[in-house]
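The values are calculated or read from the model by the stated rules, or taken from the named source; none is laboratory data. Treat the numbers as computed from the prediction; the structure is a model and nothing was measured. Cβ coordinates were reconstructed from backbone atoms using ideal geometry, including for glycine residues, and neighbour counts include every protein chain displayed. With ligands, DNA and RNA removed, areas are computed over all heavy atoms of the protein, side chains included. Shrake-Rupley method; radii C 1.70, N 1.55, O 1.52, S 1.80 Å.
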Amino acid sequence: MDKLVEMFEMQKDLQRKINGSIGLPMDKQSLFEKQVLGLVCELGEVLKADERWKEVRILHVNRLEKLNEIVDCFCFLVNMCLYSGFSSFELYDAFVEKYKINVERDM
């Protein structure tokens, strides 16, 4: 199974356990908004795990913690797709198209 598809399936399973037996992907604005808020919080935790962005003094970076926080962000991003009605295939196709645009822009 494709790894992105598998990750989406894992998140679907988790969201069903959390929110009851719901069909995913589905367009559910109220649940989407919670995922956006969760992502914003997790992005702050990524910055806390790697404080080198402050640049005013030598600060710590916890590589494992940073990775775990990035994974949390990715989970919220997948949930945002699921609660917007997007599948892993749609995300992949949109990513490829955006990649092509970005490559063309930078050439």
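See the values below:
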{"quantity": "Filter result for the condition that a residue is among the polar types (S, T, N, Q) and under 15 Å from the mean Cα position of the chain (by Cα), over Gln35, Gln29", "calculated": "Gln35"}
{"quantity": "Only listed residue being open to solvent by 60 Å² or more (accessible area, probe 1.4 Å) and touching a strand residue (DSSP E or B) at 6+ places or on another chain (Cβ under 9 Å), chosen from Lys28, Lys54", "calculated": "Lys28"}
{"quantity": "Options Ile70, Ile22: the member that is without any contact (Cβ under 8 Å) to a residue 60 or more places away in the chain, not acidic (Asp, Glu) and not in a loop (DSSP other than H, G, I, E, B)", "calculated": "Ile70"}
{"quantity": "Number of positions in region 32-62 that are farther than 14 Å from Cys75 by Cα and either in contact (Cβ under 8 Å) with a residue 40 or more places away in the chain or in a loop (DSSP other than H, G, I, E, B) (or both)", "calculated": "7"}
